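Step one of this worksheet: look at the structure below.
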Amino acid sequence: MHATIDVRFELSIDDNKTVPLAALGEELTEQNIEATILEQLVASLDEQRVEALCGEKHARGNGDERFQRRGTKQRSAVTTAGEHDFDLHYVEDTAADPEEDAYFRPIEDTISFDGQRQYQQDIAFQSVDFATDLSYRDAADHGDGIFSMPSRSTINRRVKEYGSKLGDFLHEQLDGTNADTVLADGTKCHSQDDATAYNDVHVTLGQDEDDATTLLDVSVDNAWDDTATALDEIEAVTDDARVVSDAEEGLTEAFTTEDRLHQLDLVHVPRTTSYKLWEDGAFCLEERNQIVSEVSNDLFHLKNSVEKHRPNEEWAAIRERIATTKQRIRHLAWQLDQLSSPKTATYLRRWLPSMMLFAEEAVDGFEVPWTSNPVERAMGEVSKRCKNQWMRWSAAGLEALLQLRLVDYANPEQYQAFKHELLQRSTKTSISCDLSVEATRGEL
């Protein structure tokens, strides 16, 4: 189909005024030129479709045609080109099966609308983009300075819809990813549900051998076991992947196996040691700080030793430092037991293998992160958007919003691919546009 629109536009500027280009641009935008052109294009295409079925308007013999004109009905829509009111034709198929609807709009074979919705996918996705950074109220207000925006309740509904679709899209993209490293963490956000104060947010990232990071999963109020099982089913993680996280037992038990070992984030060790010492209540603050400093110095001495000796393959030096570090921490745990600090001693003994994994893997030629910083930064994105004190969330709404925000943060290419698919941008290959503008001297 082909539509031609001839546009005549007149501009006058007072001869005693100098107009900034920005003001001229705003004036043209306020004239809704794009919206007017789009409406005329759709009207032209609509008339062509109707004529192809029903013949030219008022032509002799039209009453014998199978397809008959049955008036028009206005259809409102909003796109990034502006607000539109289309007068679209209805046609009756006089030979239709009695059980089928005989009335239809021919234009919908050429132009599809987003169901009965007023706001079409382009402006809806723009509002969702705003909502990943701003509150729903601010997203609606902020966008109104640029486009005609949906209400905050409509934006909320679109976030839930698009976030759910993005989750399904991501699941398909991850099939067979086989990440070598898993980095996972959890946090809590205030809940709208009276039965529970908080929603549990779980975020799982994966890294390949090139250290490229991808979002494997984000879920709300879902058990770690379910997340690990779902990722195994689509082979998103290798059987011998290394798991890097804090000491949350539910997480480590879900992801680790005989072949899939755990590396404890070393940054968490001093914090947890300090807390355990406080729980035991056997030492004053100065003594607790001294013990924490001793543990921290041993572990980060080991970390620095690995970074120093691995490039030159000085494996003996790393092995010596591993043995020294293990001996010192075991001895400290024994001392703490003798000094009535059993919780701290148990913690150090229980997690010592996980503290050492990155160094022992380095001796075997593998690089395992000693920190879970990538997922910690992702949790920072959760905090910035969802953990303000006054914010309350439903589980479904929170998960959908975090799908959008975290995929855009961790996997921007996949986010853009999803956006292209949702907006059906591939259909642009079937569109061709030619623009010619003749500027003639006008009167000033």
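The values are calculated or read from the model by the stated rules, or taken from the named source; none is laboratory data. What you are looking at is a predicted structure, and each value in this text was computed from that prediction instead of being measured. Here Cβ is always computed from backbone atoms with ideal geometry, including for glycine, and neighbour counts include all displayed protein chains. Surface accessibility is based on the protein's heavy atoms, side chains included, excluding ligands, DNA and RNA. Shrake-Rupley method; radii C 1.70, N 1.55, O 1.52, S 1.80 Å.
Details
- Which listed residue, of D185, D217, is free of Cβ contacts under 8 Å to residues at least 60 places away in the same chain, assigned to a strand (DSSP E or B) and within 18 Å of the chain's Cα centre (by Cα): D217
- Selection count where residues are part of a loop (DSSP other than H, G, I, E, B) and either without any contact (Cβ under 8 Å) to a residue 60 or more places away in the chain or closer than 16 Å to L266 by Cα (or both), scope the range 291-342: 6
- Within the range 10-66, restricting attention to residues that are assigned to a loop (DSSP other than H, G, I, E, B) and of a type in the set (S, T, N, Q), the residue that is surrounded by the most Cβ atoms within 10 Å (Cβ to Cβ) is N32.
- For the range 372-400, a residue qualifies if it is assigned to a loop (DSSP other than H, G, I, E, B) and closer than 11 Å to V201 by Cβ, and exactly one does: K387.
- Matching option when the condition is closer than 25 Å to D175 by Cα, among the polar types (S, T, N, Q), part of a helix (DSSP H, G or I) and open to solvent by 50 Å² or more (accessible area, probe 1.4 Å), among Q403, Q416: Q416
- Total residues in the range 283-309, condition more than 22 Å from R377 (Cβ to Cβ) and either open to solvent by 40 Å² or more (accessible area, probe 1.4 Å) or in contact with a Cys (Cβ under 8 Å, 6 or more places away or on another chain) (or both): 13
- Residue check, P369 in a loop (DSSP other than H, G, I, E, B) and open to solvent by less than 60 Å² (accessible area, probe 1.4 Å): yes
- Some residue of the range 48-55 being farther than 30 Å from V128 by Cα and free of Cβ contacts under 8 Å to residues at least 24 places away in the same chain: yes
- The range 372-388, subset closer than 25 Å to K308 by Cα and buried (at least 16 other Cβ atoms within 10 Å of the Cβ), residue farthest from the chain's Cα centre (by Cα): S372
- Answer residue from the range 94-113, given it is outside any loop (DSSP other than H, G, I, E, B) and surrounded by fewer than 16 Cβ atoms within 10 Å (Cβ to Cβ) and is farthest from the chain's Cα centre (by Cα) among those: Y103
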